[in-house]
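This report refers to the structure that appears directly beneath it.
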Amino acid sequence: MDVKQDNYRKRMYLGQDGNALVQLLVLNAVIFVVLKFVYVCFILGSSSEASFLTHVYNWFVLPASLEKIAWRPWTLISFMFTDQQLFRFISNMFWLWSFGYILQDLTGNRKLISIYLYGGIGGALVYTLAHYIIPNAHVRIDEDALAAANCSIAAVAVATTIVSPDYRIFPMISGGIPLWILTLVYLLINFSGVENGDIATYLAYGAGAGTGFLFIYLLRRGTDGSIWINQFFDWCEDLFNPDKKKKPKNKKDEFYYNVAGTQPYKKIPNITQKRIDEILDKINQQGYRFLTSEEKEILRRAAEEEDL
């Protein structure tokens, strides 16, 4: 299965509605700012930083204890949007934008959020299990917690590289820098930022990267793990947007495909010189990627007839 999409279908712009990359960046930024605001309020209210961590921050990060996770199941998701360190947050958002933009350019807009979530959850599971399986994974299981988007971004980085390892950035520099080099640099920076001896976090970051690889591996073999997530978000959007018009079903297609098991009649457009000239004018004015499927089919048939 080819995971890349045609260029005219996939390109998303940062200001475009429904841009998954912008949604992730905004959500991370909003949660970071809100937590910082609450932190400042605690400090101004003569409370200690430890009080903020206990009563607010620890309710968003992922605890290493299964008992605590059972009482705070939302932390399996919330931790990957929660950060307290300014420079780590800025760095993570830069890498998320870099790899997320390329991933959208290669696969479209409906894979990024799924890979982000899968990477975070994969890292969370390994992080928790490591504290129970590996001796001395960290100091105290009751105090350890996993936070920030590192696992998710590692998944996005590896998935992007697996899709197109020869993708090049900065083409003005000797033909461009291969994407795999950028990914290698990111992974080195990512792992170097882990505290010495924190085996569980090392494994969590590695699990996030492995999840990104597994997602693309399965996608190429016909298993798209993003379908149910996208369907869930579409359902939520329809639920909170009742005025949105639903796409009507084509009863003819439904009958032929689901009952008769054959494909319905397909209209084949006639090829005329006037029509070809109109299409060529459109290419000159707007570019090939703005052609419809019908217009591309007309050009293909016209080229075949000329060869004959």
Open item on the list: I need the shape label for segment 175-228. Rule: rounded when a/c is under 1.5, else prolate if a/b > b/c, else oblate, with a, b, c from the alpha carbon gyration tensor.
Closed with: oblate
Open item on the list: Just to make sure I understand: if all protein chains stay in place, what is the order of MET172, MET93 by accessible area at 1.4 Å, largest first?
Closed with: MET172, MET93
TODO: Mind checking the per residue accessible area of segment 100-233 for me, 1.4 Å probe, whole number of Å²?
DONE: 46 Å²
Open item on the list: How charged is the neighbourhood of GLN84? Take every other residue with its Cβ under 14 Å from the Cβ of GLN84, and add Lys/Arg as +1 and Asp/Glu as -1.
Closed with: 0
Task: Residues ASN241 and LEU27, FRET efficiency given R0 of 22 Å [Cβ-Cβ distance, rounded to 0.05] - done: 0.75
Open item on the list: Let me cross-check ILE69: its accessible surface, 1.4 Å probe, with only protein heavy atoms counted, in Å² to the nearest 10?
Closed with: 20 Å²
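The values are calculated or read from the model by the stated rules, or taken from the named source; none is laboratory data. These figures come from a predicted structure and were not determined experimentally. Counting neighbours? That spans all protein chains shown, and the Cβs are built from the backbone with ideal geometry, glycine included. Surface areas here come from the heavy atoms of the whole protein model, side chains and all, with no ligands, DNA or RNA. Shrake-Rupley method; radii C 1.70, N 1.55, O 1.52, S 1.80 Å.
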